[in-house]
Each structure stands twice: as structure tokens, then as C-alpha cells.
Amino acid sequence: MLALFISVSSLAHEVRPAYLELRQTGLETYAALWKVPALEEDLRLGLYVELPVACTNITAVRASMINKAYTERWSFRCEGGLSGRQIHISGLSSISTDVLVRLERLDGTEQVTRLTPSAPSFVVEAAPRVLELARTYSILGVEHILTGIDHLLFILALLLITGGGWKLVKVSERLQMNFRMTPPCMWPLSVMTIGGSNGLRLSLHALIRQEPGLCLAGEAGTGAAALGLVFHLEPAVALVDVCLPDRNGFEVVKCIKQLVPTCAAIVLSDAPDPCVEDVARIVGATAVWHEGSGVNQLRRTLRRLIQGVLSKPTQN
């Protein structure tokens, strides 16, 4: 496929981020996924991954064009690994967009980086030390339990039912086994939540789990993180809080419709506001839901979307 450079002037309003995923498969080997926004079949952004000089490809690059995204997949080897070495995105300094990078190490730890025109390179960090990992996950674990009363009640219920001791351990092992054996979601609509308070997110996640025909594709707390996930996951529905820490929800909805035109974006607001509804329609949102209207209204909207998917004729 012939990749054409796009002039800087034509990219002045490009907001779709590129996405680079590097997954370590061995001590010195990695699998790469590179997704670049494209306008047409043979017209893509002039962004290219520059690996360290110690890296060489061990498979041919497999390229494809899907949903206005130019995608490349390949594997490579770096003598001594990537730790401490720099990766550069050629062309990013002259294009108004971002590159979201996710690196997954052999031990399961990750490095997530956002590259910009003013910072088009990053250095691969070494895996966090055991004490650092323990401290990080301890804090996250305590916060996760303390901010979720359902977790505390669940643990209390297990203690009351089993009486503690080895029975509790056996029940916990069986529950973990059931979770591991749960098959991947096969429902027609994947839903992504963006922003919202802790309480609202828990309510939305509960609704998605309870409603047949829906599955939770992912969640993001900021607009920047959301755009990278949307570009990668391509959800069928995005629930977007109108107030996000780094940008307003309307801007995110507009970007989502550019990234994944088929995604139905639903704007979430605190209270009914005609201005919110008007702007939501302008940016391409499917609906507006406010907390005061109750979860049932949102459930009805999602059910209409499910019915619309199920009623579509199957393509042979």
C-alpha cells in the first residue's frame, strides 16, 4: 500500500490520536501494533515509528486499512531489550495530533505514555521494583475497597457464610476459577464509560452488567485517555460525562464521532439543561442523560440501541 504524506495545512484540524502498542514476548523480542488515522484508502498521516538502532524486524510488516485507520503489525528483536532506549515518532513534530503509547512487559507491568508534537520521543523505563509495585498496588487496593461499599459487604458476607478459615480460602479459589473461566463477551453492544464520579461509574457498570445485550469494553477518567481507548477498542456506545478533568465532554464526543463514526455517544450531565441538549446534538451525540432522570431512562435508551443492532439484517 502506498502511504502518502499529508501536508501540514490539511492536518490543522486533525484530532484523532495515533496508537502504538508494544508487547514484550521474550527477553529481547516484541510484538508491535501501530494504528495511524487515515482520511482515505491511500491517504494516511505521515507518522512513522523509529525504533532504536539495536532493533531489527523478525517478521514482515502486515499492513491493513480498516475504519479510516492504517494499521501495521510486526515483530522485532532488540539486543539487550528496550529498557533505557529511546523510541521516536517521525513526523509528529509537524502534525497537530497525539500518539498514545502502551508498552507491556513480560512481567505484566505497563508503561503508558502520551507523545505530542513538542515531545515526539520517549525513553522506555525499566520495570518497577518490587517495593514500588507493592506500594502502588497497596494504595490502589485500599482505595478500591474503601470507595466501594459493595466490596466490603461482599467480604463480610463471605465471612458470615463460611465462618472464615479454610472454607473461606476454598470459596475464594472457586470464585477466582469461575472468573478465569468466564468466556469473552459476545453481546452485540460494547459500552465504554468516560469520566463521571466514582458513584456514577459504579451505577453505570452495574447497569451494563445487568442488562442483556451489553458488555463493558473499558473506562477512562480523562478525555485524552478516552480517545486512545476509543480508537483502539472501537466501542458501540460511549457514555461521556460533560465535565472531564482535561477537556469538556462535547469536544470528546466530537472526536469520538470522527474516530469511530458508528459509535453512539450519550452525554451525561448533572441536571437537565436545554443548552447541553442543543450542543450535544450539534456535536453528533445520540442522546443526553442526566442523573436526576433516573437509571431507567438510560436503560431504555440503551435497549433501543440494542434493538437497533439486533434488527439489522445479517451480511452474507
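Please indicate, with yes or no, whether at least one residue in region 228-239 is on the phi > 0 side of the Ramachandran plot and among the acidic types (Asp, Glu).
Just the residues of region 228-239 that are on the phi > 0 side of the Ramachandran plot, to begin with: 234.
Going one step further and asking which of them are among the acidic types (Asp, Glu), we end up with 234.
Checking region 228-239: at least one residue is on the phi > 0 side of the Ramachandran plot and among the acidic types (Asp, Glu).
Pull up region 233-248, narrow it to residues that are under 16 Å from the mean Cα position of the chain (by Cα), outside any strand (DSSP E or B) and not aliphatic (A, V, I, L, M), then point me to the one that is surrounded by the most Cβ atoms within 10 Å (Cβ to Cβ).
Per the stated criteria, the residue is 235.
Within region 108-126, how many residues turn out to be under 21 Å from the mean Cα position of the chain (by Cα) and without any contact (Cβ under 8 Å) to a residue 24 or more places away in the chain?
Within region 108-126, residues that are under 21 Å from the mean Cα position of the chain (by Cα) and without any contact (Cβ under 8 Å) to a residue 24 or more places away in the chain number 5.
Restricting to region 67-81, name every residue that is touching a Lys or Arg at 6+ places or on another chain (Cβ under 9 Å) and either part of a loop (DSSP other than H, G, I, E, B) or modelled with pLDDT under 90 (or both).
68, 69, 70, 71
Quick check: is even one residue across region 41-62 modelled with pLDDT under 90, surrounded by fewer than 17 Cβ atoms within 10 Å (Cβ to Cβ), in a strand (DSSP E or B) and not aromatic (Phe, Trp, Tyr)?
yes
Listed here are the residues, each with its yes/no results for (1) assigned by TED's automatic domain parsing to the domain that holds residue 204; (2) closer than 24 Å to residue 96 by Cβ; (3) at pLDDT 85 or above.
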| position | (1), (2), (3) |
| --- | --- |
| 236 | yes, no, yes |
| 241 | yes, no, yes |
| 245 | yes, yes, no |
| 248 | yes, yes, no |
| 253 | yes, yes, yes |
| 257 | yes, yes, yes |
| 267 | yes, no, yes |
| 274 | yes, no, no |
| 287 | yes, no, yes |
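Assess whether residue 80 counts as being among the small types (Gly, Ala, Ser) and under 16 Å from residue 119 (Cα atoms).
The answer is no for residue 80.
Are any residues in region 249-295 assigned to a loop (DSSP other than H, G, I, E, B) and either surrounded by 18 or more Cβ atoms within 10 Å (Cβ to Cβ) or charged (D, E, K, R) (or both), and if so, which ones?
260, 263, 270, 273, 285, 286
Going through 301, 262 one at a time, which residue ends up being among the β-branched types (Val, Ile, Thr), touching a strand residue (DSSP E or B) at 6+ places or on another chain (Cβ under 8 Å) and at pLDDT 85 or above? Working first, answer last.
Numbers: 262 fails: touching a strand residue (DSSP E or B) at 6+ places or on another chain (Cβ under 8 Å).
Within the list 301, 262, the selection yields 301.
Could we say that residue 79 is within 23 Å of residue 125 (Cβ to Cβ) and under 24 Å from the mean Cα position of the chain (by Cα) here?
No, not satisfied.
Restricting region 72-113 to residues that are among the small types (Gly, Ala, Ser) and over 25 Å from residue 45 (Cβ atoms), which is surrounded by the most Cβ atoms within 10 Å (Cβ to Cβ)?
If we take residues in region 72-113 being among the small types (Gly, Ala, Ser) and over 25 Å from residue 45 (Cβ atoms), then 81 is surrounded by the most Cβ atoms within 10 Å (Cβ to Cβ).
Filter region 188-218 down to residues that are under 15 Å from residue 234 (Cβ atoms) and of a type in the set (A, V, I, L, M, F, W, C) and give me whichever is modelled with the lowest pLDDT.
Out of the qualifying residues, it is 189.
Which residue out of 233, 216 is more than 13 Å from residue 266 (Cβ to Cβ) and touching a His at 6+ places or on another chain (Cβ under 9 Å)?
After ruling out the rest, the residue left standing is 216.
The values are calculated or read from the model by the stated rules, or taken from the named source; none is laboratory data. Small disclaimer: the values here were computed from a predicted structure and weren't measured. Because the Cβ atoms are built from the backbone with ideal geometry, glycine has one as well, and the counts that use them run over all protein chains shown.
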